[in-house]
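Inspection log for the structure reproduced underneath, given as structure tokens.
The values are calculated or read from the model by the stated rules, or taken from the named source; none is laboratory data. This is a predicted model, so every value here is computed, not measured. Neighbour counts run over all protein chains shown; Cβ positions are idealised from the backbone, glycine included. In case anyone asks, the SASA skips ligands and DNA or RNA and just uses the protein heavy atoms, side chains included. Shrake-Rupley method; radii C 1.70, N 1.55, O 1.52, S 1.80 Å.
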Amino acid sequence: MALNLDSIGRPIGPIVKDYTWKDAALYALGVGAGFDELDYVYEKRLKVLPSFSIGAVFEFLMAVATDSGANLGGILHGEQDIVFHAPIPPEGRLTTTGAITHIFDKGADKGALVIAQADTFHHSGAKLFTNIFTLFCRKDGGFGGEKGPGEEVAFPDRDPDFVEEDRPSADQPLLYRLSGDVFALHVDPEFARASGFERPIMHGLCTHGFACRAVIKHLIPGAPERLTRFRVRFSKTLYPGVGIRTLIWKEGEGRALFKVLNTETEEVVIDHGVAEWITAEQVLARRAHGAIHMRGKVAVVTGAGAGLGRAYAVELARRGAKVVVNDLGGGADGSGPGAENPADQVVAEIREAGGEAVACHDSVATPEGGEAIIDAAMDAFGRVDILINNAGILRDRTLLKMTDEDWTKVLAVHLDGAYNVTRPAFRHMRAQGYGRIVLTTSAAGLHGNFGQSNYSAAKLALVGFMNTLKLEGKKYDIKVNTVAPIAATRLTEGILPPDLEGKLLPEHVVPLVLYLAAEQCPHSGGIYNAGMGFFSRSAVVTGPGAAVGDGQSPPTPEDVAARMSAIRSLAKAKEHGDLNAALLPVLEAFDPDSAKGEGEAGLSVADVFEQMPGAFKADAAAGVDVVFQFDISGSGGGTWHVLVSDQTCEVKAGPHQSPTTTIAMADEDFIALMEGRLNAMRAYTSGKLKIGGDLMKSQLVEKLFSR
Ligand code: NAI
């Protein structure tokens, strides 16, 4: 399999991982912490060991390996560089996104380097760390690509300043793997032997954690939050129970070099180590900075004279944004403008609190009004980074009582209004390569509400508006999201039960909208419900559906009626990122190769072996002589062997006397693999796919048989 150069720059993630103090403590125990470093394991004073960050990105690393198309028999985790932006909180949700950034060719005999980078954010919005991975792909060199830079680390020609002796226990990998890296090589003696080792080996990243503890202990004792960089090169494998020695050279205040030796062989197991750190004062300064702030940002909030808009504007200004407070004034039904404009009061309130704001009284309902609102931002502050489309009115009537004016006025403010203001804002955001746009929908639009057909239509149309803008803005870092708020305001007077009114404060919606408006927000195209401090996401999803008929002549209504339960089913429903993604299942429904026509199509293990001779690619098998034995466990399983001998293929039930390679899996996993739902590399690393005998030959399966 050749390296896939198209994978460079293709986004990977978001990968989401929830963790608690127990995960952080378990990780610390896995890398040798104990009573001497109680902070790493005791919840009452927990400090998360910075190298814990690697657990959050393990899946990312797997995705890099598979997306790059590297020959998995030749992959080694070559280097790992982590830059820490903020201390890791003791619990929370981590979201990681990134991409492969480079693929370098070291030469046919030397291999290739796949380099990937990922940023991880805490749910509070703080950016915690950036990981830079280097995968060394021993078997993929010689494709004619660039050689890439070779950063070297020169150790000083003197004794190290600090030496830390340690001894991972003979069972260390068993504890470490509970933090997520469950690759069979570190637990399964048989698997380890088949891979060419005497017994299971230490995880390189476990030794990495030992080294991280040693570096902190000697350079910044008791203050892991001061570590800002930790880089290593993995150079040799290590068996559990063998002693290690970490040698540390301090290069000056804030930087040190280190390596880790195997004390039995004196071999270097971790090389080229670089650690960097900052002072305690710098940590405090960073902490203030890490919170979601809006300094340097210019925000426009429409309909900000009252209700939700006012609350957004006040908080944006409190966090440092310069705000255009737009409001026409007037009645809840759009009558107006009123004599006193509420925008002026909100501006006064912001200024009194030390913030910066200007008022703008134009209506969102006309294109000229929209231009004028954005011009107000440009004139006063020179840019626009955030736009919150919030202005709204209501003219509730059932359909037959509704006047044309009720319909057009409501659409003019909500739908045309969003278009009128977003268009000029988008122009500036695109030019500056940055923007955050929040649209305001409503539960009435998402789900329906009696007497609000005009409002519901306008509100759901905004979701469609967002769905396309998220695509058009992607290249320019313009993120577009939609909020469905619920709060007691003028618009909900008489609608909400009175006892709820005091609880449904606009201020409870603010945190979500501020997050969506923040630089830290990596998400785009989401619909978020917010009210009373409860937040959730709504989405448009599509069920697996059913192919009715043969795909040639149209089916009859009776055929459709007979399949309605499958057509209506939302089991395993999926969200599609765009129109093309939504079209794919339709195109695949009658494609004989995709075998996905029916959501419920039941491929059996026996079917797979029956169909195998038909899937054999004789051309790819010239000179190949190999016997694969498949041991499939579970009720649908059994044993089969496949004899491939110079362009011929024979499949037989039962075991073979001397198979070249054995492949063991559970029946469900095997079917998932065959249907493309389970990735071979992930199955292998998670232990779902066990390979015995000649490991390298197992890769021929993919080459010799089409799916
Ligand atoms: P609100 O009536 O307190 O605030 C809306 C503001 O928009 C008013 O100050 C009004 O003067 C202004 N406005 C109206 N037409 C305008 C125009 N043409 N140009 C500029 N400003 C204009 O109402 P609330 O509840 O704060 O509503 C804010 C947004 O949230 C609206 O889009 C509303 O549809 C939406 N929403 C509110 C819900 C709630 O529970 N309050 C529920 C779902 C959605």
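Key figures for this structure:
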{"quantity": "Filter result for Gly330 (open to solvent by less than 40 Å² (accessible area, probe 1.4 Å), free of Cβ contacts under 8 Å to residues at least 40 places away in the same chain, within 16 Å of the ligand (Cβ to nearest atom) and not hydroxyl-bearing (Ser, Thr, Tyr))", "calculated": "yes"}
{"quantity": "The stretch 398-407, subset within 16 Å of the ligand (Cβ to nearest atom) and open to solvent by 10 Å² or more (accessible area, probe 1.4 Å), residue nearest to Gly451 (Cα to Cα)", "calculated": "Trp407"}
{"quantity": "So Leu308, is it away from the ligand (no atom under 16 Å from the Cβ), open to solvent by 10 Å² or more (accessible area, probe 1.4 Å) and either part of a helix (DSSP H, G or I) or under 30 Å from Pro221 (Cα atoms) (or both)", "calculated": "no"}
{"quantity": "Condition check for Val413: in contact (Cβ under 8 Å) with a residue 24 or more places away in the chain and in contact with a Ser or Thr (Cβ under 7 Å, 6 or more places away or on another chain)", "calculated": "no"}
{"quantity": "2 or more residues among the basic types (Lys, Arg): qualifying strands (runs of 3 or more DSSP E) within the stretch 71-144", "calculated": "92-107"}
{"quantity": "Of the criteria (1) surrounded by 18 or more Cβ atoms within 10 Å (Cβ to Cβ); (2) within 17 Å of the chain's Cα centre (by Cα), which one Arg537 fails", "calculated": "(1)"}
{"quantity": "The lone exception for Gly354 - which of (1) modelled with pLDDT under 95; (2) touching a Gly at 6+ places or on another chain (Cβ under 9 Å) it fails", "calculated": "(2)"}
{"quantity": "Test: Pro221 is without any contact (Cβ under 8 Å) to a residue 12 or more places away in the chain and assigned to a loop (DSSP other than H, G, I, E, B)", "calculated": "yes"}
{"quantity": "Subset of the stretch 228-283 [of a type in the set (Phe, Trp, Tyr) and under 33 Å from the mean Cα position of the chain (by Cα)]", "calculated": "Phe230, Phe234, Phe258, Trp277"}
{"quantity": "Members of the stretch 361-385 that are more than 9 Å from the ligand (Cβ to nearest atom) and closer than 28 Å to Asn454 by Cβ", "calculated": "Pro367, Glu368, Gly370, Glu371, Ala372, Ile374"}
{"quantity": "Selection count, the stretch 408-452, where residues are of a type in the set (A, V, I, L, M), touching a Lys or Arg at 6+ places or on another chain (Cβ under 8 Å) and within 9 Å of the ligand (Cβ to nearest atom)", "calculated": "1"}
{"quantity": "The stretch 467-506, residues that are under 19 Å from Leu446 (Cβ atoms), more than 11 Å from the ligand (Cβ to nearest atom) and of a type outside the set (Val, Ile, Thr)", "calculated": "Asn467, Leu469, Lys470, Asn481"}
{"quantity": "Residue that is farther than 22 Å from Arg231 by Cα, out of contact with any Ser or Thr (no Cβ under 9 Å at 6 or more places or on another chain) and open to solvent by 20 Å² or more (accessible area, probe 1.4 Å), where the choices are Val41, Val16", "calculated": "Val41"}
{"quantity": "Residue match in the stretch 295-302 (condition: at negative phi, loosely packed, with under 15 Cβ neighbours inside 10 Å and in a loop (DSSP other than H, G, I, E, B))", "calculated": "yes"}
{"quantity": "Number of positions in the stretch 277-294 that are of a type in the set (A, V, I, L, M, F, W, C) and in a loop (DSSP other than H, G, I, E, B)", "calculated": "4"}
{"quantity": "When residues of the stretch 126-161 are limited to those that are modelled with pLDDT of 90 or more and of a type in the set (D, E, K, R), the one least open to solvent (accessible area, probe 1.4 Å)", "calculated": "Asp161"}
